[in-house]
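The values are calculated or read from the model by the stated rules, or taken from the named source; none is laboratory data. All figures in this text were calculated on a predicted structure; none of them were measured in a lab. Please note: Cβ atoms are built from the backbone with ideal geometry, for glycine as well, and neighbour counts cover all protein chains shown.
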(Lines give C-alpha, C1' and ligand atoms only; values in the text may rest on other atoms or scores of the structure.)
Protein backbone atom coordinates (compact mmCIF):
# COMPACT_ATOMS: atom_id res chain seq x y z
CA UNK A 1 0.00 0.00 0.00
CA UNK A 2 2.98 2.29 0.51
CA UNK A 3 3.87 1.83 -3.15
CA UNK A 4 0.31 2.74 -4.12
CA UNK A 5 0.50 5.87 -1.98
CA UNK A 6 -2.26 4.79 0.38
CA UNK A 7 0.04 4.92 3.41
CA UNK A 8 3.05 7.02 4.20
CA UNK A 9 5.97 6.29 6.50
CA UNK A 10 7.22 9.20 8.59
CA UNK A 11 10.65 8.50 10.07
CA UNK A 12 10.49 8.73 13.81
CA UNK A 13 6.69 9.03 13.88
CA UNK A 14 5.42 5.80 12.38
CA UNK A 15 3.12 4.68 9.55
CA UNK A 16 -0.04 6.58 8.69
CA UNK A 17 -2.92 6.27 6.25
CA UNK A 18 -3.15 9.38 4.13
CA UNK A 19 -6.35 11.22 5.05
CA UNK A 20 -7.32 11.66 1.42
CA UNK A 21 -7.05 7.91 0.86
CA UNK A 22 -9.02 6.62 3.88
CA UNK A 23 -12.28 6.29 1.93
CA UNK A 24 -10.43 4.72 -0.98
CA UNK A 25 -8.90 2.15 1.36
CA UNK A 26 -12.30 1.36 2.88
CA UNK A 27 -13.75 0.83 -0.59
CA UNK A 28 -10.84 -1.43 -1.59
CA UNK A 29 -11.19 -3.55 1.56
CA UNK A 30 -14.98 -3.77 1.12
CA UNK A 31 -14.53 -4.91 -2.48
CA UNK A 32 -12.00 -7.57 -1.40
CA UNK A 33 -14.35 -8.87 1.30
CA UNK A 34 -17.29 -9.03 -1.12
CA UNK A 35 -15.17 -10.91 -3.69
CA UNK A 36 -14.04 -13.39 -1.02
CA UNK A 37 -17.65 -13.94 0.08
CA UNK A 38 -18.78 -14.44 -3.53
CA UNK A 39 -16.01 -17.00 -4.11
CA UNK A 40 -17.05 -18.87 -0.96
CA UNK A 41 -20.67 -18.91 -2.15
CA UNK A 42 -19.70 -20.38 -5.53
CA UNK A 43 -17.47 -23.00 -3.89
CA UNK A 44 -20.24 -23.94 -1.47
CA UNK A 45 -22.71 -24.28 -4.33
CA UNK A 46 -20.32 -26.73 -6.00
CA UNK A 47 -20.21 -28.80 -2.80
CA UNK A 48 -23.98 -28.60 -2.40
CA UNK A 49 -24.51 -29.76 -5.97
CA UNK A 50 -22.45 -32.90 -5.37
CA UNK A 51 -24.05 -33.75 -2.01
CA UNK A 52 -27.64 -32.60 -2.43
CA UNK A 53 -28.36 -34.11 -5.83
CA UNK A 54 -27.49 -37.53 -4.43
CA UNK A 55 -29.47 -36.79 -1.27
CA UNK A 56 -32.55 -36.01 -3.36
CA UNK A 57 -32.03 -39.23 -5.34
CA UNK A 58 -31.75 -41.39 -2.22
CA UNK A 59 -34.52 -39.56 -0.35
CA UNK A 60 -36.94 -40.36 -3.18
CA UNK A 61 -36.13 -44.03 -2.70
CA UNK A 62 -36.01 -44.19 1.09
CA UNK A 63 -38.10 -41.41 2.64
CA UNK A 64 -40.73 -42.60 5.12
CA UNK A 65 -43.88 -40.75 6.15
CA UNK A 66 -42.12 -38.84 8.94
CA UNK A 67 -39.38 -37.73 6.56
CA UNK A 68 -41.98 -36.43 4.12
CA UNK A 69 -43.79 -34.59 6.92
CA UNK A 70 -40.55 -32.84 7.90
CA UNK A 71 -39.82 -31.77 4.33
CA UNK A 72 -43.40 -30.59 3.88
CA UNK A 73 -43.32 -28.62 7.14
CA UNK A 74 -40.20 -26.77 5.98
CA UNK A 75 -41.88 -26.13 2.62
CA UNK A 76 -44.99 -24.71 4.31
CA UNK A 77 -42.87 -22.38 6.45
CA UNK A 78 -41.02 -21.29 3.36
CA UNK A 79 -44.32 -20.49 1.64
CA UNK A 80 -45.31 -18.14 4.49
CA UNK A 81 -41.94 -16.37 4.66
CA UNK A 82 -42.07 -14.00 1.70
CA UNK A 83 -41.82 -10.97 3.98
CA UNK A 84 -39.80 -12.62 6.76
CA UNK A 85 -36.18 -13.11 5.73
CA UNK A 86 -35.06 -15.02 8.82
CA UNK A 87 -38.01 -17.41 8.73
CA UNK A 88 -37.39 -18.03 5.04
CA UNK A 89 -33.71 -18.66 5.69
CA UNK A 90 -34.42 -21.19 8.46
CA UNK A 91 -37.12 -22.91 6.40
CA UNK A 92 -34.89 -23.13 3.33
CA UNK A 93 -32.05 -24.63 5.35
CA UNK A 94 -34.41 -27.06 7.10
CA UNK A 95 -35.89 -28.13 3.75
CA UNK A 96 -32.48 -29.21 2.47
CA UNK A 97 -31.45 -30.74 5.80
CA UNK A 98 -34.71 -32.73 5.98
CA UNK A 99 -33.98 -34.17 2.54
CA UNK A 100 -30.52 -35.23 3.75
CA UNK A 101 -32.14 -36.91 6.77
CA UNK A 102 -34.62 -38.62 4.46
CA UNK A 103 -31.75 -40.49 2.78
CA UNK A 104 -31.56 -42.51 6.02
CA UNK A 105 -27.82 -42.33 5.52
CA UNK A 106 -26.13 -40.95 8.63
CA UNK A 107 -23.07 -39.80 6.69
CA UNK A 108 -25.09 -37.60 4.31
CA UNK A 109 -27.14 -36.21 7.19
CA UNK A 110 -23.96 -35.58 9.17
CA UNK A 111 -22.28 -33.83 6.24
CA UNK A 112 -25.18 -31.43 5.72
CA UNK A 113 -25.39 -30.78 9.47
CA UNK A 114 -21.64 -30.09 9.63
CA UNK A 115 -21.91 -27.70 6.69
CA UNK A 116 -25.06 -26.01 8.01
CA UNK A 117 -23.35 -22.74 8.97
CA UNK A 118 -21.74 -22.39 5.54
CA UNK A 119 -24.98 -23.43 3.87
CA UNK A 120 -26.86 -20.79 5.87
CA UNK A 121 -24.47 -18.10 4.65
CA UNK A 122 -24.75 -19.19 1.01
CA UNK A 123 -28.54 -19.54 1.19
CA UNK A 124 -28.76 -16.03 2.63
CA UNK A 125 -26.57 -14.68 -0.18
CA UNK A 126 -28.38 -16.53 -2.94
CA UNK A 127 -31.82 -15.58 -1.62
CA UNK A 128 -30.70 -11.93 -1.56
CA UNK A 129 -29.70 -12.17 -5.22
CA UNK A 130 -32.76 -14.11 -6.33
CA UNK A 131 -35.41 -12.14 -4.50
CA UNK A 132 -34.09 -8.78 -5.67
CA UNK A 133 -36.32 -9.19 -8.72
CA UNK A 134 -40.15 -9.40 -8.63
CA UNK A 135 -41.62 -12.88 -8.91
CA UNK A 136 -38.48 -14.76 -7.95
CA UNK A 137 -39.85 -15.74 -4.53
CA UNK A 138 -42.68 -17.71 -6.13
CA UNK A 139 -40.33 -19.23 -8.70
CA UNK A 140 -37.97 -20.39 -5.96
CA UNK A 141 -40.86 -21.76 -3.91
CA UNK A 142 -42.13 -23.69 -6.93
CA UNK A 143 -38.68 -25.23 -7.47
CA UNK A 144 -38.75 -26.54 -3.89
CA UNK A 145 -42.32 -27.80 -4.32
CA UNK A 146 -41.32 -29.74 -7.44
CA UNK A 147 -38.42 -31.34 -5.59
CA UNK A 148 -40.72 -32.33 -2.72
CA UNK A 149 -43.34 -33.83 -5.06
CA UNK A 150 -40.75 -35.90 -6.90
CA UNK A 151 -39.43 -37.26 -3.59
CA UNK A 152 -42.95 -37.97 -2.32
CA UNK A 153 -43.79 -39.78 -5.57
CA UNK A 154 -40.52 -41.76 -5.36
CA UNK A 155 -39.31 -40.40 -8.69
CA UNK A 156 -35.63 -40.66 -7.83
CA UNK A 157 -34.12 -39.65 -11.18
CA UNK A 158 -36.45 -36.67 -11.46
CA UNK A 159 -35.69 -35.56 -7.90
CA UNK A 160 -31.98 -35.65 -8.66
CA UNK A 161 -32.44 -33.70 -11.90
CA UNK A 162 -34.62 -31.07 -10.22
CA UNK A 163 -32.15 -30.53 -7.37
CA UNK A 164 -29.31 -30.27 -9.88
CA UNK A 165 -31.26 -27.75 -11.97
CA UNK A 166 -32.14 -25.78 -8.82
CA UNK A 167 -28.51 -25.32 -7.80
CA UNK A 168 -27.32 -24.64 -11.35
CA UNK A 169 -30.00 -21.97 -11.74
CA UNK A 170 -28.82 -20.27 -8.55
CA UNK A 171 -25.22 -20.20 -9.84
CA UNK A 172 -26.32 -18.77 -13.17
CA UNK A 173 -28.46 -16.06 -11.57
CA UNK A 174 -25.66 -15.06 -9.22
CA UNK A 175 -23.20 -14.87 -12.12
CA UNK A 176 -25.66 -12.70 -14.05
CA UNK A 177 -26.17 -10.43 -11.03
CA UNK A 178 -22.40 -10.08 -10.64
CA UNK A 179 -21.99 -9.10 -14.30
CA UNK A 180 -24.82 -6.58 -13.99
CA UNK A 181 -23.15 -5.17 -10.89
CA UNK A 182 -19.87 -4.79 -12.78
CA UNK A 183 -21.72 -2.93 -15.51
CA UNK A 184 -23.40 -0.65 -12.96
CA UNK A 185 -20.08 0.06 -11.28
CA UNK A 186 -18.54 0.94 -14.63
CA UNK A 187 -21.41 3.36 -15.33
CA UNK A 188 -20.98 4.97 -11.90
CA UNK A 189 -17.22 5.33 -12.42
CA UNK A 190 -17.80 6.85 -15.86
CA UNK A 191 -20.35 9.29 -14.41
CA UNK A 192 -17.95 10.33 -11.63
CA UNK A 193 -15.17 10.90 -14.16
CA UNK A 194 -17.53 13.02 -16.24
CA UNK A 195 -18.41 15.16 -13.19
CA UNK A 196 -14.73 15.63 -12.34
CA UNK A 197 -13.99 16.60 -15.94
CA UNK A 198 -16.83 19.13 -15.98
CA UNK A 199 -15.68 20.65 -12.70
CA UNK A 200 -12.14 20.92 -14.02
CA UNK A 201 -13.39 22.64 -17.15
CA UNK A 202 -15.43 25.03 -15.04
CA UNK A 203 -12.38 26.01 -12.97
CA UNK A 204 -10.42 27.08 -16.04
Open item on the list: Among the residues of the range 123-133, are any within 20 Å of residue 67 (Cα to Cα) and modelled with pLDDT under 95?
Closed with: no
Open item on the list: Among the residues that make up the range 19-40, is at least one of them farther than 18 Å from residue 99 by Cα and either modelled with pLDDT of 60 or more or in contact with a helix residue (DSSP H, G or I) (Cβ under 6 Å, 6 or more places away or on another chain) (or both)?
Closed with: yes
- [ ] Please give the number of the condition residue 110 fails out of (1) over 18 Å from the mean Cα position of the chain (by Cα); (2) at pLDDT below 95; (3) within 26 Å of residue 176 (Cβ to Cβ).
- [x] (3)
TODO: Residues being within 17 Å of residue 58 (Cα to Cα) and surrounded by 15 or more Cβ atoms within 10 Å (Cβ to Cβ): count how many of those fall in the range 137-154.
DONE: 7
